[in-house]
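These notes concern the structure reproduced below.
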Amino acid sequence: MIVAVINTKGGVGKTTTCMYLAEAARRAGRRVTVWDADPQGSSLTWSDQAAADEAPIPYSVVGVHQRRLTRAAATQAGGDVLIDTPPGDPQIISRAVEAADIAVVVTGPGGADVERAMETMDHYTGTTPALLLLTQYIKQEKDSWTTWQSLRSSDYPVFDTRIPRRAAIQRSYGATIDDDLHGYERLLDEIVHVLDELNAEGDSDG
């Protein structure tokens, strides 16, 4: 499967989502590669820092030019590909979504984050299935709860998984990921389930 992780707003957790999802996939026995399509190279920097600390990331992280995104399916080589995208390059976001089987639109709690996430859904996902993912969620925080209720009552599809705000997640940047995946393993299961359902619908239509 090919998963594009997107939002036109920065700071919502796209790179973290890519790297944690990749680790969840690896632990599930799946072959996985992270494609860093962001010119800032956040995923690559994460991987490079871990390698410099002699604790390399146990899956491949490679930088890709947007031309390669158009050939994603052909170069997937039987494994999963997670595409980390920049916030401010519409062409790269569009290419990544077009190449993907599914898009994960990441948003933090709060009006500005959600508004940009919904704009991203409207302008970039097209015919590619896409669901919103709420990150930085705090159960007892008003903004988190209000955002979650707003997403669930909207017309946009939303993952059931909510990723909590944890210092451990923030500290993991540039290092290998510890035992706790903080819900990203459940997100992986949801993504696989959505794609399985879509494939089953396609088979029945055929």
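The values are calculated or read from the model by the stated rules, or taken from the named source; none is laboratory data. This is a predicted model, so every value here is computed, not measured. Every residue, glycine among them, receives a Cβ derived from its backbone with ideal geometry; neighbour counts consider all protein chains shown.
What the table below lists for this structure:
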{"quantity": "Number of the condition not met by T70 [criteria: (1) β-branched (V, I, T); (2) over 21 Å from V192 (Cα atoms); (3) touching a strand residue (DSSP E or B) at 6+ places or on another chain (Cβ under 8 Å)]", "calculated": "(3)"}
{"quantity": "Some residue of segment 186-198 being in contact (Cβ under 8 Å) with a residue 24 or more places away in the chain, assigned to a strand (DSSP E or B), more than 15 Å from the chain's Cα centre (by Cα) and surrounded by 11 or more Cβ atoms within 10 Å (Cβ to Cβ)", "calculated": "no"}
{"quantity": "Test: residue in segment 166-187 that is among the acidic types (D, E), modelled with pLDDT of 95 or more and in contact with an Asp or Glu (Cβ under 8 Å, 6 or more places away or on another chain)", "calculated": "no"}
{"quantity": "Test result for D122, more than 28 Å from A51 (Cα to Cα) and over 15 Å from the mean Cα position of the chain (by Cα)", "calculated": "yes"}
{"quantity": "Condition met for G110 (under 15 Å from W35 (Cα atoms) and at pLDDT below 95)", "calculated": "no"}
{"quantity": "Condition check for L134: surrounded by 14 or more Cβ atoms within 10 Å (Cβ to Cβ), touching a residue at least 60 places away in the same chain (Cβ under 8 Å) and touching a helix residue (DSSP H, G or I) at 6+ places or on another chain (Cβ under 8 Å)", "calculated": "no"}
{"quantity": "Members of segment 152-185 that are over 11 Å from L134 (Cβ atoms), over 18 Å from the mean Cα position of the chain (by Cα) and not polar (S, T, N, Q)", "calculated": "D155, A167, A168, R171, A175, D178, D179"}
{"quantity": "Test: residue in segment 149-160 that is within 24 Å of S47 (Cβ to Cβ) and either aromatic (F, W, Y) or loosely packed, with under 14 Cβ neighbours inside 10 Å (or both)", "calculated": "no"}
{"quantity": "Positions within segment 157-201 being among the β-branched types (V, I, T) and farther than 14 Å from Y20 by Cα, in sequence order", "calculated": "V158, V192, V194"}
{"quantity": "Output for segment 109-131, where each listed residue is in a loop (DSSP other than H, G, I, E, B) and either surrounded by 14 or more Cβ atoms within 10 Å (Cβ to Cβ) or touching a strand residue (DSSP E or B) at 6+ places or on another chain (Cβ under 6 Å) (or both)", "calculated": "P109, G110, T125, T128, P129"}
{"quantity": "Enumeration of residues in segment 96-131 that are among the acidic types (D, E) and touching a residue at least 24 places away in the same chain (Cβ under 8 Å)", "calculated": "E98, D101, D113, E119"}
{"quantity": "Set E98, E23: member being acidic (D, E) and under 24 Å from R162 (Cβ atoms)", "calculated": "E23"}
